[in-house]
Amino acid sequence: MAKIKKKIKTIKVDLDKCNGCRACEVICSAFHANPKYSSNNPARSRIRMIRDPIRDVYVPVYAGEYTAAECMGRDKYIIDGKEYDECGFCRASCPSRDAFKEPDSGLPLKCDMCEDDPPREKPLCVEWCLNDALIYEEREEEVEEETKPEDVEIGLESMVNKYGLQKVMDTVARMSQKS
Amino acid sequence: MRYGETGFNLEIDLTKGNIERVETDPKDTELHLGGLGTNTKILWNRVPPEIDPFAPEIPLIFSTGLLGGTPAPGANRTIITAYSPQTLLMGYSMMGGFWAPELKYAGYDKVILRGKSPSLVYIWIHNDKVEIRDASHLKGKGAVETQELIRKELNEPNAQVAAIGLAGENRVFTASIEQGRSSASRLGLGAVMGDKGVKAIAVRGTKDVNLARPAEFIELCNEVLKYIKFRNDNPVPNVMTILQGLGSPQEMLHVDEKWHTENFSWGNSRVRRKDFWNKEIEERWKSVQLNVRKRLISCYNCPMKCGAIISVPGLSTYMMKCFSKLTYTMAAFVDDLDFGFKIAQRATEYGVDGFSTPQIMAFAFELKEAGILTDADFEGCPSDNEGKFYWLLDRIVRREGIGDILADGTHWAAQKIGKGAEAFAHNNIKKHEQLPLKLGMLNPVYYLMYATGEKINITQIEGQFPQSPFATMEERQEFINDWIQVPDEKFKQIVLDWEFRGERSNPYYPTIDMSVDIVDWQEMIHYFDDALGVCAGLSSFPLKPPYHIHNYPKIISAATGIDMDEEGLKKIYRRNRSLLRAVNVRRGLRRADEVPPEDHWKKRFPELESQLLDAYYKFKGWDNEGIPTKETLQELDLGYVAEDLEQRGIIKNG
């Protein structure tokens, strides 16, 4: 199959460099305000500092996909003797917590890497993080070009698997004569 | 819609348990900005001067600044005001951290506490929902511990909590209000909070802060950030390490303490320990600090890292900044920094000021040595230097025995003890303990800032004008080349001409007029910061900061929509400055109180000092007693203040 190049935008998070200032939340919520920058409110931010200073926990997390149901992974992790909620690392807007939801409407939020017109060099949270805890990286990856089967083909394939090709063909022929 | 600010204050009557959300007058913002400016006006308007600092009517105000919670970097300060039980004048103390922005997001510019709660309570502010909650289970708990307990109890990990420890509950005059990595610790406002029966204020807010001209405002913020980055990459050359960068003193970062340990008269001392620092201490201190320091941390929306998480094995974790690591260690004559981090942990949980408290303890042991206090006063006190300090800290915070007298600070303790103790309370201005920096030659600029500052402590006296001359003309030229912050080009010439010796050196140069000009500039930026809620560490405190008189008017204007130019902003400064002076004048402040400690400089010049004060007052439009004149007040739209002062006979008619 043919190979194609795909641009992947990522943000590398260096937890050791984070000073916990939440500038990323400030500028994210300002950029996504409507009109742009007209207000700011970290509760609307698409990046959140999971912060527990006394336990030295400083983890910036980006908003990912919305999920309608709670997952089963509500576990605790112990790293370097410190306990973390698995949820603390999760990007999902989900029913088990209020992170990554608009505070008024409850609608889910998702990081869009500061999509803008004209396009920005890097997301604003990265620009405002002078401590370089957030590092923007673009890379090109070679991926196999997928040829997506049509919906009908997918359906037919499962029929064929179940009843055999001959039976499906007979049925289709009979149906076409009837109409 | 209001921009920058929310336009609402939260008024809480603790006696009645009444809570109200009150809309503020936008005119007050135009006249005073916010923060310290509007707090001062509230204090002036609401309570008469003849009132005890613990009177229930006194409003204890927790204020955001006008820019607090906006994207302006470092706009995170909480400005707390009341009357100080120690100085009896208006007490204002500020803290960074995360509390003020959270209050803005909850929809309020200020929390105004008045009255007294019949039992210990805490306040829980969650957007429109505000509750006064029982805190009897938090009685005696540490200030850091309390913040954790409240967050847990409310199940709100993102709530920001400002709390007092045992010292505040017991009305110790050096009691602080602690919050995260920050504390409002000077002038005893923690004691006022404790007296009102409030253990803590917890806040969680999820509303918007609006901006008037968004694109313009963000561009200005970007410029500020860019300049911070430039300054972090380009430390100011030819000055001491501690003065090269931005932020508050980078005491959590630096481990070389030769200069500070040897050049301050620590504790209550009159002398410096000139050969304190040696190889062994250097290595030991470095290893101790790096071992307990878990992370360098910042306040809200600020790229600096002035604080640190400190975790001493066997003790609960806390956060530290500035000089607390040194103040206890050096005052106790302990040579191991390990002690400093350990006792500061206890002191932070108790909630006490890290400058005054060790000074009071050193003062007490000097009195014991001199035979003014007796063995009976120290019954049960261990004899080793570390043990002595822990013992006395416990007594002061609990107000037990001699601790009860010392808890009022060195001035009041000396008055009570008598027998010549007054001579040992040698380091006060307006009854408040000063940083133990004793120098040789009088510096006229510093003289004025020490003498006249309404804040009555160190941050009032440091600023963006160099502390001493540069050695060579090349260095001077290099310094002034990119000095964009000066309000006027004339300040550059002063730096060029300033010498270590000869005619153009301290104390006669900068000249009297120049000194007054320089002080006015330093003060002006402090008054902006304290009204806007911007950290002095990015503005009035360090050399070449990102905020200055040339960008502040634009920033304020873009944020709030208020028309503002440099002249207009300067007038607000003069108004706020004279109003604060009037509050204190009404409390009895006069020229005779504006006196730095006698031993602050070895060489003093009474005649020059008097002339400096004359010129300063005149420049401000105050009379020779330091009282704003009627004309000055009227010119600053403070006619009602002039009227009041006239009625009281403070301003003489005609």
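The values are calculated or read from the model by the stated rules, or taken from the named source; none is laboratory data. These numbers come from a predicted model, not from an experiment. In this analysis, Cβ positions are derived from the backbone assuming ideal geometry, glycine residues included, and neighbour counts consider all displayed protein chains.
Please give the number of the condition A:SER93 fails out of (1) in contact with a strand residue (DSSP E or B) (Cβ under 8 Å, 6 or more places away or on another chain); (2) surrounded by 18 or more Cβ atoms within 10 Å (Cβ to Cβ); (3) touching a residue at least 60 places away in the same chain (Cβ under 8 Å); (4) more than 30 Å from B:THR317 (Cα to Cα).
So A:SER93 meets the others, but not (3).
If I go through the range B:623-653 residue by residue, how many of them are under 25 Å from B:GLN611 (Cα atoms) and of a type outside the set (A, V, I, L, M, F, W, C)?
The initial filter retains those residues of the range B:623-653 that are under 25 Å from B:GLN611 (Cα atoms), namely B:623-633, B:650-652.
Retained after the next criterion (residues that are of a type outside the set (A, V, I, L, M, F, W, C)): B:623-626, B:628-632, B:652.
Residues in the range B:623-653 being under 25 Å from B:GLN611 (Cα atoms) and of a type outside the set (A, V, I, L, M, F, W, C): 10 in total.
How many of the residues in the range A:77-101 are farther than 17 Å from A:PRO60 by Cα and among the hydrophobic types (A, V, I, L, M, F, W, C)?
2
Just checking, does the range B:585-599 include any residue being in a loop (DSSP other than H, G, I, E, B), among the β-branched types (Val, Ile, Thr) and under 23 Å from B:ILE518 (Cα atoms)? Quick ask: steps written out before the conclusion?
Restricting attention to the range B:585-599, the residues satisfying the condition of being in a loop (DSSP other than H, G, I, E, B) are B:587-590, B:594-599.
Add one more test, that the residue is among the β-branched types (Val, Ile, Thr), and what stays is B:595.
Add one more test, that the residue is under 23 Å from B:ILE518 (Cα atoms), and what stays is B:595.
Among the residues of the range B:585-599, at least one is in a loop (DSSP other than H, G, I, E, B), among the β-branched types (Val, Ile, Thr) and under 23 Å from B:ILE518 (Cα atoms), which makes the answer yes.
Just one of the numbered conditions (1) within 30 Å of A:ILE54 (Cβ to Cβ); (2) surrounded by fewer than 16 Cβ atoms within 10 Å (Cβ to Cβ); (3) away from chain B (no Cβ under 14 Å); (4) not basic (Lys, Arg) is not true of A:CYS111; which one?
It is condition (2) that A:CYS111 fails.
Do you know which of the residues in the range B:148-182 that are within 22 Å of the chain's Cα centre (by Cα), among the polar types (S, T, N, Q) and within 14 Å of another protein chain (Cβ to nearest Cβ) is nearest to B:ILE201 (Cα to Cα)?
Looking at residues that are within 22 Å of the chain's Cα centre (by Cα), among the polar types (S, T, N, Q) and within 14 Å of another protein chain (Cβ to nearest Cβ), I get B:GLN160.
Hey, does the range B:496-518 have a residue that's in contact with a helix residue (DSSP H, G or I) (Cβ under 9 Å, 6 or more places away or on another chain), closer than 18 Å to B:VAL239 by Cα and aliphatic (A, V, I, L, M)?
Checked the range B:496-518: at least one residue is in contact with a helix residue (DSSP H, G or I) (Cβ under 9 Å, 6 or more places away or on another chain), closer than 18 Å to B:VAL239 by Cα and aliphatic (A, V, I, L, M).
Name the single residue that is farthest from B:LYS438 (Cα to Cα) among those in the range B:582-622 being of a type in the set (Asp, Glu) and touching a residue at least 12 places away in the same chain (Cβ under 8 Å).
First, pick out the residues of the range B:582-622 that are of a type in the set (Asp, Glu): B:593-594, B:598-599, B:607, B:609, B:614.
Narrowing further to those that are touching a residue at least 12 places away in the same chain (Cβ under 8 Å): B:593-594, B:598-599, B:609.
Numbers: B:ASP593: 20, B:GLU594: 18, B:GLU598: 10, B:ASP599: 7, B:GLU609: 17 Å.
Across the range B:582-622, the extreme among qualifying residues is B:ASP593.
Could you figure out which of (1) more than 7 Å from every other protein chain (Cβ to nearest Cβ); (2) polar (S, T, N, Q); (3) without any contact (Cβ under 8 Å) to a residue 12 or more places away in the chain; (4) touching a helix residue (DSSP H, G or I) at 6+ places or on another chain (Cβ under 8 Å) isn't true of A:SER39?
(1)
Would you check if A:ASP132 is assigned by TED's automatic domain parsing to the domain that holds A:LYS7 and at pLDDT 95 or above? Break it down into steps so the answer makes sense when it comes.
On the way: assigned by TED's automatic domain parsing to the domain that holds A:LYS7: yes; at pLDDT 95 or above: yes.
Taking the combined requirement at face value, the residue satisfies it.
When you go through B:LYS139, B:LYS229 one by one, which is the residue that is closer than 30 Å to B:ILE562 by Cα and modelled with pLDDT of 95 or more? Explain how you work it out, then say what you get.
Values: B:LYS139 fails: closer than 30 Å to B:ILE562 by Cα.
Exactly one of B:LYS139, B:LYS229 is closer than 30 Å to B:ILE562 by Cα and modelled with pLDDT of 95 or more, namely B:LYS229.
Just to be sure I understand, how many residues within the range B:341-375 are among the charged types (D, E, K, R) and under 25 Å from B:TYR92 (Cα atoms)? Break it down into steps so the answer makes sense when it comes.
Residues of the range B:341-375 that are among the charged types (D, E, K, R), as a first pass: B:342, B:346, B:349, B:353, B:366, B:368-369, B:375.
Within this subset, residues satisfying the condition of being under 25 Å from B:TYR92 (Cα atoms) are B:346, B:349, B:353.
Summing the residues that are among the charged types (D, E, K, R) and under 25 Å from B:TYR92 (Cα atoms) in the range B:341-375 gives 3.
Among the listed residues B:VAL111, B:VAL172, which satisfies the condition of being in the same structural domain as B:ASN18 (by TED's automatic domain parsing) and either at pLDDT below 95 or assigned to a strand (DSSP E or B) (or both)? Quick ask: steps written out before the conclusion?
Working: B:VAL172 fails: either at pLDDT below 95 or assigned to a strand (DSSP E or B) (or both).
The match here is B:VAL111.
Picking from A:SER105, A:SER96, A:SER39, which residue would you name as being modelled with pLDDT under 85, over 22 Å from B:SER298 (Cα atoms) and among the hydroxyl-bearing types (Ser, Thr, Tyr)?
Numbers: A:SER105 fails: modelled with pLDDT under 85; A:SER39 fails: modelled with pLDDT under 85.
The unique qualifying residue is A:SER96.
On the given criteria, is A:ALA173 in contact with a helix residue (DSSP H, G or I) (Cβ under 6 Å, 6 or more places away or on another chain) and among the small types (Gly, Ala, Ser)? If you could, list the steps in order and put the result at the bottom.
Values: in contact with a helix residue (DSSP H, G or I) (Cβ under 6 Å, 6 or more places away or on another chain): no; among the small types (Gly, Ala, Ser): yes.
No: the conditions fail for A:ALA173.
With the checklist (1) in contact with a Phe, Trp or Tyr (Cβ under 9 Å, 6 or more places away or on another chain); (2) surrounded by fewer than 23 Cβ atoms within 10 Å (Cβ to Cβ); (3) closer than 23 Å to B:ARG346 by Cα in hand, flag the one item B:VAL161 doesn't pass.
Evaluating B:VAL161 over (1) in contact with a Phe, Trp or Tyr (Cβ under 9 Å, 6 or more places away or on another chain); (2) surrounded by fewer than 23 Cβ atoms within 10 Å (Cβ to Cβ); (3) closer than 23 Å to B:ARG346 by Cα leaves (2) as the failure.
Can you find a residue in the range A:12-27 that is polar (S, T, N, Q), closer than 24 Å to A:CYS87 by Cβ, modelled with pLDDT of 95 or more and within 22 Å of the chain's Cα centre (by Cα)?
Step one: filter the range A:12-27 for residues polar (S, T, N, Q), giving A:19.
Still in the running and closer than 24 Å to A:CYS87 by Cβ: A:19.
Remaining after also requiring modelled with pLDDT of 95 or more: A:19.
Then drop every residue that is not within 22 Å of the chain's Cα centre (by Cα), which leaves none.
No; the residues of the range A:12-27 include none that is polar (S, T, N, Q), closer than 24 Å to A:CYS87 by Cβ, modelled with pLDDT of 95 or more and within 22 Å of the chain's Cα centre (by Cα).
Quick test for you: out of A:VAL61, A:VAL13, A:VAL57, pick the one residue that is in contact with a helix residue (DSSP H, G or I) (Cβ under 7 Å, 6 or more places away or on another chain) and either among the β-branched types (Val, Ile, Thr) or more than 9 Å from chain B (Cβ to nearest Cβ) (or both).
Details: A:VAL13 fails: in contact with a helix residue (DSSP H, G or I) (Cβ under 7 Å, 6 or more places away or on another chain); A:VAL57 fails: in contact with a helix residue (DSSP H, G or I) (Cβ under 7 Å, 6 or more places away or on another chain).
So the residue among A:VAL61, A:VAL13, A:VAL57 that is in contact with a helix residue (DSSP H, G or I) (Cβ under 7 Å, 6 or more places away or on another chain) and either among the β-branched types (Val, Ile, Thr) or more than 9 Å from chain B (Cβ to nearest Cβ) (or both) is A:VAL61.
Keeping to the range A:18-28, report how many residues are in a helix (DSSP H, G or I) and either surrounded by fewer than 24 Cβ atoms within 10 Å (Cβ to Cβ) or within 8 Å of chain B (Cβ to nearest Cβ) (or both). Step through it out loud before you land on a result.
Quick first cut of the range A:18-28, residues in a helix (DSSP H, G or I) only: A:23-28.
Subset that is either surrounded by fewer than 24 Cβ atoms within 10 Å (Cβ to Cβ) or within 8 Å of chain B (Cβ to nearest Cβ) (or both): A:23, A:26-27.
Result for the range A:18-28: 3.
Out of all the residues in the range B:16-30, is one or more touching a Leu at 6+ places or on another chain (Cβ under 9 Å), of a type in the set (A, V, I, L, M, F, W, C) and surrounded by fewer than 24 Cβ atoms within 10 Å (Cβ to Cβ)?
yes
Within the group A:GLU102, A:GLU138, which residue is within 30 Å of B:GLU156 (Cβ to Cβ) and in contact (Cβ under 8 Å) with a residue 12 or more places away in the chain?
Values: A:GLU138 fails: within 30 Å of B:GLU156 (Cβ to Cβ).
The conditions single out A:GLU102.
So for the range B:335-344 (the condition being touching a Phe, Trp or Tyr at 6+ places or on another chain (Cβ under 9 Å), within 14 Å of another protein chain (Cβ to nearest Cβ) and assigned to a loop (DSSP other than H, G, I, E, B)), does at least one residue qualify?
No.
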